[in-house]
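A quick write-up on the structure given underneath.
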Amino acid sequence: MPDPDAPSGSAAALLAPLVGVGGLAGVGADGAAASATPPATARKRPRPGERRVQILQTLAAMLEQPGAERITTAALAARLEVSEAALYRHFASKAQMFEGLIEFIETSVFTLVNQITEREPRGDAQARRVVTVLLQFGEKNPGMVRVMVGDALVFEHERLTTRMNQFFDRVESQLRQSLRAAADAAGSATPTVDAQVAASGLAALLVGRLQRYARSGFRRSPTEHLEPLLARLTAL
């Protein structure tokens, strides 16, 4: 399970738990298979699966740079010290590379969300924890934040933006479900409406905090003063 509180010291560490994305199951942060025995002699060229991880790690590292311009395949290839043709042996397009990062975001976040809803019986506590975990994930993974808020997707295929919008729609849907249960438990006369209003506010908070984090050059923490704010927004 990806740990939202794990240090984000490098993109390699960031993508270490990238399991099941783009056929990368079991691949470690350094690109080697997690269960493999170290070879007696160093190989000159990584295996195909390892190169895919390396490409995604490098793309994530480039996205972590505040104010970075649009990342081109030429720039990515130069950072990796390979040709652009080499990139396309592993990904059909740059959009497919971004899809690999988006799938990592989806898998990481919703694995945690599912665990929260299974372990926490109170709906309001579920909602607060979901928001907290998602913002912690963003804080520890700044390159991914630029994908999540769409800054890195401005000049890319529109399906990528659509997919990220669907991600936040899915998060809001889960918040509604949790808050509906909380409103019922609190004896609300209009639990559905109350849950919709509160979930909408939490979803806006999520996006706004992540956007502020990205546009501050990753200096303004998305989790500052979070607990008292969430307590107010989930008081049904």
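The values are calculated or read from the model by the stated rules, or taken from the named source; none is laboratory data. Remember, it's a predicted structure, so these values are computed and weren't measured experimentally. Don't worry about glycine lacking a Cβ; one is built from the backbone with ideal geometry, like all the others, and counts go over all protein chains shown. Ligands, DNA and RNA are stripped out before the accessible areas are found, and what is left, the full protein with its side chains, is counted by its heavy atoms. Shrake-Rupley method; radii C 1.70, N 1.55, O 1.52, S 1.80 Å.
Could you go through region 188-207 and let me know if any residue there is under 21 Å from PRO222 (Cα atoms), surrounded by fewer than 18 Cβ atoms within 10 Å (Cβ to Cβ), more than 13 Å from the chain's Cα centre (by Cα) and without any contact (Cβ under 8 Å) to a residue 12 or more places away in the chain. Before the answer, list the steps.
Residues of region 188-207 under 21 Å from PRO222 (Cα atoms): 198-207.
Right, trim to surrounded by fewer than 18 Cβ atoms within 10 Å (Cβ to Cβ) and you get 200-201, 204-205, 207.
Subset that is more than 13 Å from the chain's Cα centre (by Cα): 200-201, 204-205.
With the extra rule that they be without any contact (Cβ under 8 Å) to a residue 12 or more places away in the chain, the set shrinks to 204.
Yes, some residue in region 188-207 is under 21 Å from PRO222 (Cα atoms), surrounded by fewer than 18 Cβ atoms within 10 Å (Cβ to Cβ), more than 13 Å from the chain's Cα centre (by Cα) and without any contact (Cβ under 8 Å) to a residue 12 or more places away in the chain.
Against the numbered list (1) closer than 29 Å to GLU64 by Cα; (2) out of contact with any Pro (no Cβ under 7 Å at 6 or more places or on another chain); (3) touching a residue at least 60 places away in the same chain (Cβ under 8 Å), ASN165 comes up short only at (3).
Considering PHE104, PHE110, PHE91, the condition of being open to solvent by less than 50 Å² (accessible area, probe 1.4 Å), at pLDDT 95 or above and more than 22 Å from GLU224 (Cα to Cα) is satisfied by PHE110 alone. Total residues in region 160-202 satisfying the condition of being of a type outside the set (Ser, Thr, Tyr) and within 20 Å of LEU226 (Cα to Cα): the figure is 14. Taking the numbered list (1) touching a residue at least 40 places away in the same chain (Cβ under 8 Å); (2) of a type outside the set (Lys, Arg); (3) under 25 Å from MET62 (Cα atoms) in turn, VAL171 passes all entries but (3). If I ask for residues that are among the polar types (S, T, N, Q) and within 8 Å of the chain's Cα centre (by Cα), which ones from region 108-148 would you list? Passing the criteria: SER108, ASN141. Per the conditions (1) open to solvent by 10 Å² or more (accessible area, probe 1.4 Å); (2) more than 16 Å from GLN174 (Cα to Cα); (3) at pLDDT 95 or above, the sole criterion not satisfied by ASN141 is (3). As for region 153-166, it holds at least one residue that is at pLDDT below 95 and buried (at least 18 other Cβ atoms within 10 Å of the Cβ).
Candidates are the residues of region 51-73 that are open to solvent by less than 50 Å² (accessible area, probe 1.4 Å) and small (Gly, Ala, Ser); the one that is nearest to GLN166 (Cα to Cα) is ALA60. Checked against (1) in contact with a helix residue (DSSP H, G or I) (Cβ under 9 Å, 6 or more places away or on another chain); (2) under 21 Å from ALA199 (Cα atoms), GLU118 passes all but a single condition, namely (1).
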